[in-house]
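**Q** Structure in structure tokens, see below.
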Amino acid sequence: MTAKRQVHLGAHFPGVNNTTVWSDPASASQIEFESFVQLAQAAERGYFDFFFLAEGLRLREQRGQIHDLDVVGRPDTFTVLAALASVTEHLGLIGTINATYNEPYDVARQFATLDVLSGGRAGWNVVTSPDPFTGENFRRGGYLPREQRYEHAAEFVDVARQLWSSWPADSLTADTSTGAYVSDSSVGEFEFTGKHHAVRGRFTVPQTPQVEPVLLQAGDSDDGRDFGAAYGDAIFTRGRPLPQAQEFYASIKDRLAPLGRSSDDVLILPGVTVVVGDSDDDAAEKAAYIRSQQVSGPTAIRLLELLWNRDLSAYDPDGPLPEIDPDTSENTIFQGQVKHYTDPLATAAEWRQYAEQKNLSIRELMIERASRQTFIGSAQTIAEQLDTWVQTRAADGFILVPHLTPGGLDDFIDQVVPELQNRGVFRTEYTGSTLRDHLDLPPAGHYRAEGLATR
Amino acid sequence: MTLQVELALNGLGWHPGAWRLAGPDAHRASDPRYWAEIAVAAESAGLDAIGFEDSIGAPSATTNTVIDRLDAVLLASFVAPKTSHIGLFPTIIANHHEPFHHAKAIATLDFISHGRAGVRVRVAPTAAAAEVFGRRTGVDIAKLPAAEREAALAALLDEAADHTEVLRRLWDSWEDGAEIRDVSTGRFIDRNKLHYIDFESRWFSIKGPSIVPRPPQGQPPVSVLSHQPVITAFAALSADLIYVTPDDRAELAELIAEIRELEAAVDRGLPPLRILADIAVSVDPNTDVASARLSELNKLAADPLDSDALVFAGNPTELTDLIEDWRSEGLAGVRLRPISNRHNITTITNQLAPQLRERGLLRDAYAETILRDRYGLARPRSRYTQPAEVV
């Protein structure tokens, strides 16, 4: 009998959008180190593959002012992960690091250091954000045309890979009798000339346990998917209903064979929200309550503004939707956040009609239309769904995004993990020592992309 | 008055030959457990802080020196949860790097360590350092004719001063109490307590605010190592602590006078510099062994130790005498550079520290955990704090 496909799990630290409920009495600090320790150690207790930390390099603004309704403030990614390496033993440590407002030498060195400090548990979610808004915090400003961002990122990773392999295995000889600290003078040397980078020097970190960190990619555009298929070990994608999830899964996996990669070389990991209840009905009630916590009156107006592209501060969240249409010209309202609506006029019309029909206020509508949790049910129901998703190729695992810091995954860890273990689709102990081991990935360097970056 | 006693760590020791005598430690320059062991030992001995050396890239072509080095900020972050009192001064390089990244990293280290983060700022005086980034041309300061050296160094220091100013502004960009979690109005923060820093100079322009809330210390202490007046001038402008490298007490007195003059000449806006003397130490319970070891290391390395700081070789009592002698000039502390970790650190923790205590040069136990408190630095308010409204 073939063993079932295994479920991989990541624990995403609650971030700076309205998924995170900060107003709940059980919600703790978003910046004190203790919160990160607690979530990471809980995830490790639950045998999760990894802990995940997002990043943002400029505080979000709306209507020209710093957005204040959601969590604001977050730590530096590398620093927290290095400290978490100190208080965990097996858990993977994946962080988002921007490839536009960084230099390859720094990032390569920091990830190599993290991989050494953690004994081979480092992972990098490669993101691009060439918007000039974020660029105002950095030396080069908004220097990169948007359409070049993945070409630039591909070259960035190519440089980093050269650095990570600049110390051959066993080249740190440290022979005290002969005086040969390294096996020869080329150890650590690197040189790279490309369209976006011209660098040379000597790298200071010997070959690390994983050799390279695990690479994740999260962008949804075609360019993003191409980059992910060529460079990624895993794709961190958004949550979708099951049929669409299977479509997305296939769209990535189908890109692999033409590149010379095998299907299991790239994992598909949707970001999902989960509500565990004593029964399916109990969970549904909890889920509705959480959505009402996530969408306050002011938040409902803000969410509406993301579609309307207008200042709607004069509207009452407990009143009806605006009569006026969205402003379809260039986005003027929000900065530092991904735009989601492709046809604002049609969406607005549909929302208005629906709200009228059901007699819903702005807030009530947004609570209903705000992201419904991906999985809602008893522990058994959820375990069955997660199992089914993986067996039917909708996902290879899930990145769980809790709504409460830091205890938001406790119910899942205590109740759902045992169910997954009983089903034979989740580990009962850590058998490997590196993040690559946990994710069942081939060794680094197994495959090399060609043609994505421009020489 | 007691002194601050810091331990400056550089590879397997400050002597380029140290690895040759390191025995089983010779392989451990990038072993996280090696660094954790040293940090825990230094804290057990009650030392005030650890410095982590760093630089950009390794020298090319060499095969007989330690050339591997982990990122200093991340190393400090790794040892932070294993310690609870000792201060942590990772080195950052203020040319080529992004001040925004440095600011958030040190602020985060301050959170992780509960107020024990400092940062030592240095420049990158080589062409090779610039080539690692490939964004501009650098110059080998040491190889320039003497007449051009100071101007070239001054340019690097000018950028470093701006880099440090950006760090400080970003640390101030969140006032205390910006996080309000006001459920009634749905606001997580009071946005009036967050400020753009709008820094602009020839080197960069940085908008802000920081993505990290105000660090526990407000302003993590900034330290600078100086062996030239132009660097001291930079410290006078930008630093809280300065490490100097006198050869003897007389030179120390001159350096202190010079520091106070340079401080007076600039609009410092900070409390007076805390002055610490760097001493490279080959310290052993037996004086002859300490001297012999230094000679042996000089033979093993391609070149003898070329130190800006005094190289002391002797026993803990003699080192205590030296420190006590120098203390009377008005030092805030000393920063010890073990020339060979394997031989010197245990002597420092097990013999030197107790002797310093006996002579009243090192306080008995940690009195505080906040690093600024340890140096007698009050916690500053954010420069952007609005005056209270008059009702």
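The values are calculated or read from the model by the stated rules, or taken from the named source; none is laboratory data. Because the structure is predicted, anything quoted here is derived from the model rather than measured. Ideal geometry is used to build each Cβ from the backbone, glycine not excepted, and the neighbour counts take in all protein chains shown.
**Q** Taking only the stretch A:337-393 into account, find how many residues are within 30 Å of residue A:412 (Cβ to Cβ) and among the aromatic types (Phe, Trp, Tyr).
**A** Counting residues in the stretch A:337-393 that are within 30 Å of residue A:412 (Cβ to Cβ) and among the aromatic types (Phe, Trp, Tyr) gives 2.
**Q** Which condition breaks for residue A:192 when tested against (1) facing chain B (nearest Cβ under 8 Å); (2) part of a strand (DSSP E or B)?
**A** Every condition holds for residue A:192 apart from (1).
**Q** Counting only residues that are more than 20 Å from residue B:80 (Cβ to Cβ) and in contact with a Gly (Cβ under 8 Å, 6 or more places away or on another chain), give me the helices (runs of 4 or more DSSP H) lying completely in the stretch A:29-136 with at least 3 of them.
**A** A:132-135
**Q** Just one of the numbered conditions (1) modelled with pLDDT of 90 or more; (2) surrounded by fewer than 21 Cβ atoms within 10 Å (Cβ to Cβ); (3) part of a helix (DSSP H, G or I) is not true of residue A:316; which one?
**A** (3)
**Q** Another one. Based on this model, can you work out whether residue B:234 counts as closer than 20 Å to residue B:377 by Cα, out of contact with any His (no Cβ under 9 Å at 6 or more places or on another chain) and of a type outside the set (Asp, Glu)?
**A** yes
**Q** Here's a follow-up. So residue B:92 fits all but one of (1) more than 16 Å from residue B:221 (Cα to Cα); (2) more than 9 Å from chain A (Cβ to nearest Cβ); what number is the exception?
**A** Against the list (1) more than 16 Å from residue B:221 (Cα to Cα); (2) more than 9 Å from chain A (Cβ to nearest Cβ), residue B:92 comes up short only on (1).
**Q** Return a yes/no flag: does the stretch B:379-388 have any residue that is over 24 Å from the mean Cα position of the chain (by Cα), assigned to a loop (DSSP other than H, G, I, E, B) and of a type in the set (Phe, Trp, Tyr).
**A** The answer is yes; a qualifying residue exists.
**Q** Criterion first (over 21 Å from residue B:133 (Cβ atoms) and surrounded by fewer than 23 Cβ atoms within 10 Å (Cβ to Cβ)) does residue A:176 satisfy it?
**A** yes
For every residue, the table says whether it meets (1) more than 25 Å from residue B:373 (Cα to Cα); (2) assigned to a strand (DSSP E or B).
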{"site": "B:261", "(1), (2)": "yes, no"}
{"site": "B:264", "(1), (2)": "no, no"}
{"site": "B:267", "(1), (2)": "no, no"}
{"site": "B:281", "(1), (2)": "yes, yes"}
{"site": "B:293", "(1), (2)": "yes, no"}
{"site": "B:312", "(1), (2)": "yes, yes"}
{"site": "B:319", "(1), (2)": "yes, no"}
{"site": "B:335", "(1), (2)": "no, yes"}
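**Q** Do the conditions hold for residue A:208, that is, is it in contact with a strand residue (DSSP E or B) (Cβ under 9 Å, 6 or more places away or on another chain), more than 7 Å from chain B (Cβ to nearest Cβ) and buried (at least 17 other Cβ atoms within 10 Å of the Cβ)?
**A** yes
**Q** Residue A:370 is checked against (1) under 18 Å from residue A:285 (Cβ atoms); (2) of a type in the set (Gly, Ala, Ser); (3) crowded, with 22+ Cβ neighbours inside 10 Å and fails just one. What number does that condition carry?
**A** (3)
**Q** Oh, and also: Considering the stretch B:57-90 alone, what residues qualify as being out of contact with any Leu (no Cβ under 8 Å at 6 or more places or on another chain) and of a type in the set (A, V, I, L, M, F, W, C)?
**A** Once the filter is applied, which keeps residues that are out of contact with any Leu (no Cβ under 8 Å at 6 or more places or on another chain) and of a type in the set (A, V, I, L, M, F, W, C), the stretch B:57-90 yields B:58, B:61, B:67, B:72, B:89.
**Q** Right, residue A:169: under 30 Å from residue B:19 (Cα atoms) and crowded, with 21+ Cβ neighbours inside 10 Å or not?
**A** So residue A:169 does not fit the description; no.
**Q** Please work out which residue is nearest to the other protein chains (Cβ to nearest Cβ), limiting yourself to the stretch B:40-65 and to residues that are of a type in the set (A, V, I, L, M) and in contact with a strand residue (DSSP E or B) (Cβ under 6 Å, 6 or more places away or on another chain).
**A** B:58
**Q** Taking residue B:188 as meeting all but one of (1) aromatic (Phe, Trp, Tyr); (2) under 23 Å from residue A:299 (Cα atoms); (3) outside any strand (DSSP E or B), write down the number of the exception.
**A** Status for residue B:188: all satisfied but (3).
**Q** Sort through A:47, A:101 and tell me the only one that's surrounded by fewer than 22 Cβ atoms within 10 Å (Cβ to Cβ) and at pLDDT 95 or above.
**A** Testing whether each residue is surrounded by fewer than 22 Cβ atoms within 10 Å (Cβ to Cβ) and at pLDDT 95 or above leaves just A:47.
**Q** Here is a follow-up. Of all residues in the stretch A:63-82, which are within 7 Å of another protein chain (Cβ to nearest Cβ) and either in contact (Cβ under 8 Å) with a residue 12 or more places away in the chain or closer than 14 Å to residue B:186 by Cβ (or both)?
**A** A:68, A:69, A:70, A:71, A:72, A:73, A:74, A:75, A:78, A:80, A:82 - these are the residues of the stretch A:63-82 that are within 7 Å of another protein chain (Cβ to nearest Cβ) and either in contact (Cβ under 8 Å) with a residue 12 or more places away in the chain or closer than 14 Å to residue B:186 by Cβ (or both).
**Q** Contact list please: Cβ distance under 9 Å, first residue in the stretch B:7-34 and closer than 12 Å to residue B:344 by Cβ, second residue of a type in the set (Ser, Thr, Tyr) and part of a helix (DSSP H, G or I), pairs at least six apart or on different chains.
**A** Matching pairs, first to second residue: B:7/B:349; B:12/B:34.
**Q** Any idea which of B:215, B:285 is more than 14 Å from every other protein chain (Cβ to nearest Cβ) and more than 15 Å from the chain's Cα centre (by Cα)?
**A** Going through B:215, B:285 in turn, the sole match is B:285.
**Q** Quickly run through the stretch A:114-141 and pick out the residues that are under 24 Å from residue A:207 (Cα atoms), facing chain B (nearest Cβ under 10 Å) and crowded, with 20+ Cβ neighbours inside 10 Å.
**A** Matches in the stretch A:114-141: A:114, A:116, A:117, A:118.
**Q** Out of (1) modelled with pLDDT of 95 or more; (2) out of contact with any His (no Cβ under 9 Å at 6 or more places or on another chain), the odd one out for residue A:129 is which?
**A** (1)
**Q** Quick one: which residue in B:331, B:310 is at pLDDT below 95 and surrounded by fewer than 22 Cβ atoms within 10 Å (Cβ to Cβ)?
**A** The conditions single out B:331.
**Q** Still on this structure, I have one more. Could you look through the stretch B:113-127, keep only residues that are surrounded by 19 or more Cβ atoms within 10 Å (Cβ to Cβ) and small (Gly, Ala, Ser), and pick out the one that is farthest from residue B:228 (Cα to Cα)?
**A** Looking at residues that are surrounded by 19 or more Cβ atoms within 10 Å (Cβ to Cβ) and small (Gly, Ala, Ser), I get B:113.
**Q** Among the residues of the stretch B:132-140, is any assigned to a helix (DSSP H, G or I), at the interface with another protein chain (Cβ under 10 Å from one of its Cβ atoms) and crowded, with 20+ Cβ neighbours inside 10 Å?
**A** Yes, some residue in the stretch B:132-140 is assigned to a helix (DSSP H, G or I), at the interface with another protein chain (Cβ under 10 Å from one of its Cβ atoms) and crowded, with 20+ Cβ neighbours inside 10 Å.
**Q** Taking the condition closer than 28 Å to residue A:37 by Cβ and either among the polar types (S, T, N, Q) or surrounded by 24 or more Cβ atoms within 10 Å (Cβ to Cβ) (or both), does residue A:163 pass?
**A** No, not satisfied.
**Q** Next up: May I ask you to say which residue of A:163, A:144 is out of contact with any strand residue (DSSP E or B) (no Cβ under 6 Å at 6 or more places or on another chain) and either assigned to a loop (DSSP other than H, G, I, E, B) or within 12 Å of chain B (Cβ to nearest Cβ) (or both)?
**A** Every option except A:144 fails the conditions.
**Q** Moving to a separate point now. With the condition kept exactly as written, say whether any residue in the stretch A:398-419 is surrounded by fewer than 20 Cβ atoms within 10 Å (Cβ to Cβ), at pLDDT below 95 and either small (Gly, Ala, Ser) or not in a helix (DSSP H, G or I) (or both).
**A** No, that holds for no residue.
**Q** Name, by its number, the condition in (1) surrounded by fewer than 20 Cβ atoms within 10 Å (Cβ to Cβ); (2) among the aliphatic types (A, V, I, L, M); (3) facing chain A (nearest Cβ under 9 Å) that does not hold for residue B:1.
**A** (3)
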